[in-house]
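Written out below as structure tokens is the structure these notes cover.
The values are calculated or read from the model by the stated rules, or taken from the named source; none is laboratory data. Quick caveat, the model's predicted, so the values are computed rather than measured. Neighbour counts run over all protein chains shown; Cβ positions are idealised from the backbone, glycine included.
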Amino acid sequence: VPELSWLRMRGRQIVNRIDAWSDAVCVREDHLTVQKLLRWAVLGWLLVYTASLAVAHGEFWGPNALIEPARFDASDWTHWLTRLLFAPGVREHYLWLVAAQLLLLSLGLLGFYPRVMILGAVLTNRNLLNRAWTTTDGGTNINELFLIYLALMNTTGRPVSRALGAVRPWVVGASNCALAMARIQLSLVYLTAGLAKLDGPLWQNGTALFYILQERYYTDPLVGPLLLRHPVLLALGTYSTLAFQFAFPLLIWSRRARPWLLLVGVGLHLGIAFAMGLFFFGWMMILSYACFVAEPWAVKALGWCREVKDLAPSLRGTGDRQPRAREA
Amino acid sequence: VKRVALFSVLALLLYHVAATALFLLPASPIKAAVPVALYSYVHRFFWQDWHFFAPHPGIVTTELRIRCQDQRGQWSEWVDPAEDYIQRAHETRIGPHGKLLYVVSHIPKFLWTSLAPEQRYRCGTGVLACRIDPDIAAANETYRVARAFAGRVCADRAGQSARAELRVLRFSPFPYSKRHEMSVKARYRSEELRFDPFPLHLSEGRVGA
């Protein structure tokens with residue numbers, strides 16, 4: 001019967017398509033280096049951030065920090081997990097938590113059980129952020145979200161072992177989906193920020209940057225007054241920011257537009273990092289773009305890092321040889 | 001196994017995207033129709049409050065002023081304790097200074113927002129300057145932090161001080177229409193909160209004291 005054979009053929013086509021999707025999501029590992037690069041970017045940022053704050057540790061996490069302490073309820077188990085630095089008898093020992101975070105991040109960066117180290121860092125980071133809650137911003141926020149996604153990803157740079165058997169498709173699937181979610185999250189960040197701006201009259205009439213750059217705390221004292229002399233430039237900047245935030249979630253999925261969009265984003269966030277003094281935030285946003293880098297570019301970037309690493313011992317070697325030559 | 005893994009992983013991904021979108025959505029009939037329990041995990045683990053200077057960028061600057069009284073009863077000039085922090089934050093990008101500025105700039109901001117307009121009295125005209133009742137101030141958690149900060153500032157600048165006093169000032173930006181008259185030093189002071197002087201003890205400077 002022709003109808004039946006047509007149905008059978010159609011059914012086989014659908015099954016074939018599902019199998020192709022299964023391969024793409026649960027078997028193929030096309031972004032191994034991207035995921036490794038993302039691990040370096042996210043953990044590296046947090047390591048530098050924590051080490052920077054650790055210089056003045058008492059001002060952020062100490063019992064005498066100028067930050068209001070939050071309530072601690074000993075009967076709530078989540079408080080023991082995330083508000084440890086408010087627990088009586090624990091808050092004085094905050095340096096152990098800082099040291100643990102630095103150790104976990106260093107080991108995670110070196111590739112020592114990365115998933116375990118990342119999960120540990122998620123916990124220590126939440127406790128430190130809860131204590132120094134007035135220091136949080138979009139940078140710490142996106143870093144924390146990406147840490148959670150990284151805990152689900154295979155960031156070793158090597159394929160998942162075939163010895164895992166039936167579990168392998170789940171591990172690979174979770175890893176690929178976590179990368180997809182990191183990308184979607186970044187797009188949602190820009191989309192919601194863009195939508196929220198549409199409500200603001202200053203964004204509509206193009207004067208938002210003119211007013212933002214008058215904010216005393218976060219405007220660079222040299223760059224701010226210089227830019228304020230050019231209101232037309234600032235109006236263009238205001239509308240370009242809006243345009244970028246709406247273009248990002250739509251065009252980032254096009255391979256042709258992606259590099260240009262990322263380039264504009266890097267420019268925008270460098271501007272925020274230097275003109276507005278939101279340094280760590282600006283850099284975290286730039287580093288989060290690692291999830292959108294194409295695999296060949298990620299391979300190149302890691303190869304370049306390896307070259308620098310290989311160069312370092314040879315330079316050290318030259319330094320060692322020189323005094324001996326002089327002695328001779 | 002591959003197919004089951006595909007459908008389960010995709011279902012989880014779609015669920016997470018939908019939950020994130022629902023969490024981010026402003027109040028709407030769709031959001032009201034979905035039980036909060038279905039996406040409350042986003043708040044606990046994936047919380048984000050991303051507005052990126054939107055819809056209204058924070059354009060009014062709230063600042064703290066402190067003055068100290070020495071043992072002989074002589075009051076110092078009003079000092080802006082954030083000045084050094086701002087300078088250091090812009091001089092050294094990598095390091096704790098940028099985030100230290102976050103900490104000290106939050107004190108006047110929270111002091112302003114945590115003291116509701118009905119708690120302010122004896123408000124003057126012109127620059128709207130109001131006083132805060134000492135009992136109300138004493139019960140305010142941020143005021144305790146501000147007092148600790150004043151204790152540190154007075155110890156650093158004036159050595160042993162007997163008393164200190166705090167003020168919170170609000171500065172509005174230059175309107176766009178008056179941009180031609182704009183200068184860096186001239187700023188619009190719009191509102192002010194005044195607190196009674198308080199004695200500085202040896203323990204002042206500690207938040208928990």
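Tabulated data
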{"read-out": "Inter-residue pairs, beta-carbon under 9 Å, first touching a residue at least 12 places away in the same chain (Cβ under 8 Å) and in region A:244-263, second of a type in the set (Lys, Arg) and part of a loop (DSSP other than H, G, I, E, B), 6+ apart", "value": "none"}
{"read-out": "Conditions (1) surrounded by fewer than 17 Cβ atoms within 10 Å (Cβ to Cβ); (2) within 8 Å of chain B (Cβ to nearest Cβ); (3) basic (Lys, Arg); number of the one not met by A:ARG216", "value": "(1)"}
{"read-out": "Among the residues listed as A:GLY139, A:GLY120, the single one being out of contact with any Ser or Thr (no Cβ under 7 Å at 6 or more places or on another chain), at pLDDT 95 or above and in a helix (DSSP H, G or I)", "value": "A:GLY120"}
{"read-out": "Lone qualifier among A:ARG10, A:ARG39 - being assigned to a helix (DSSP H, G or I), basic (Lys, Arg) and under 30 Å from A:TRP96 (Cβ atoms)", "value": "A:ARG39"}
{"read-out": "Filter result (among the β-branched types (Val, Ile, Thr), within 7 Å of chain A (Cβ to nearest Cβ) and not in a strand (DSSP E or B)) within region B:49-87", "value": "B:ILE59, B:ILE86"}
{"read-out": "Region B:88-113: number of residues that are over 16 Å from B:CYS154 (Cα atoms) and facing chain A (nearest Cβ under 8 Å)", "value": "16"}
{"read-out": "Residues satisfying the stated conditions in region A:241-287, i.e. within 14 Å of another protein chain (Cβ to nearest Cβ) and of a type in the set (Ser, Thr, Tyr)", "value": "A:THR241"}
{"read-out": "Members of region A:140-162 found to be among the β-branched types (Val, Ile, Thr) and farther than 15 Å from A:SER288 by Cβ, listed by number", "value": "A:THR156, A:VAL160"}
{"read-out": "Index of the failed condition, A:VAL172 passing every other in (1) at pLDDT below 90; (2) in contact with a Cys (Cβ under 9 Å, 6 or more places away or on another chain)", "value": "(1)"}
{"read-out": "Region A:70-87: number of residues that are part of a loop (DSSP other than H, G, I, E, B) and touching a residue at least 40 places away in the same chain (Cβ under 8 Å)", "value": "2"}
{"read-out": "Residue list for region B:65-78, restricted to those being out of contact with any strand residue (DSSP E or B) (no Cβ under 6 Å at 6 or more places or on another chain) and under 26 Å from B:PHE171 (Cα atoms)", "value": "B:GLU77"}
{"read-out": "Checklist (1) modelled with pLDDT of 85 or more; (2) among the hydrophobic types (A, V, I, L, M, F, W, C); (3) within 16 Å of the chain's Cα centre (by Cα) applied to B:ALA116, failing item", "value": "(1)"}
{"read-out": "Single residue of A:LEU43, A:LEU32 found to be away from chain B (no Cβ under 14 Å), modelled with pLDDT of 90 or more, surrounded by 13 or more Cβ atoms within 10 Å (Cβ to Cβ) and touching a Pro at 6+ places or on another chain (Cβ under 7 Å)", "value": "A:LEU32"}
{"read-out": "Hits in region A:29-65 - residues which are among the charged types (D, E, K, R) and touching a residue at least 40 places away in the same chain (Cβ under 8 Å)", "value": "A:GLU29, A:ASP30, A:LYS36, A:ARG39"}
{"read-out": "Subset of region A:63-84 (residues that are within 25 Å of the chain's Cα centre (by Cα) and more than 11 Å from every other protein chain (Cβ to nearest Cβ))", "value": "A:ARG83, A:LEU84"}
{"read-out": "Any chance A:ALA20 is free of Cβ contacts under 8 Å to residues at least 40 places away in the same chain and more than 13 Å from chain B (Cβ to nearest Cβ)", "value": "no"}
{"read-out": "Top-ranked residue of region A:142-157 - restricted to ones that are among the hydrophobic types (A, V, I, L, M, F, W, C) and assigned to a helix (DSSP H, G or I), ranked as farthest from B:GLY95 (Cα to Cα)", "value": "A:LEU152"}
{"read-out": "Some residue of region B:136-150 being assigned to a loop (DSSP other than H, G, I, E, B), farther than 18 Å from B:ARG65 by Cβ and either at pLDDT below 80 or not acidic (Asp, Glu) (or both)", "value": "yes"}
{"read-out": "Count of residues meeting criterion [within 26 Å of B:TYR102 (Cα to Cα) and loosely packed, with under 15 Cβ neighbours inside 10 Å] in region A:104-132", "value": "0"}
{"read-out": "Test: residue in region A:158-170 that is farther than 30 Å from B:PRO96 by Cα, buried (at least 20 other Cβ atoms within 10 Å of the Cβ) and either out of contact with any Leu (no Cβ under 7 Å at 6 or more places or on another chain) or not aromatic (Phe, Trp, Tyr) (or both)", "value": "yes"}
{"read-out": "Enumeration of residues in region A:189-210 that are part of a helix (DSSP H, G or I) and touching a helix residue (DSSP H, G or I) at 6+ places or on another chain (Cβ under 6 Å)", "value": "A:TYR190, A:LEU191, A:THR192, A:ALA193, A:GLY194, A:LYS197, A:LEU202, A:TRP203, A:ALA208, A:LEU209, A:PHE210"}
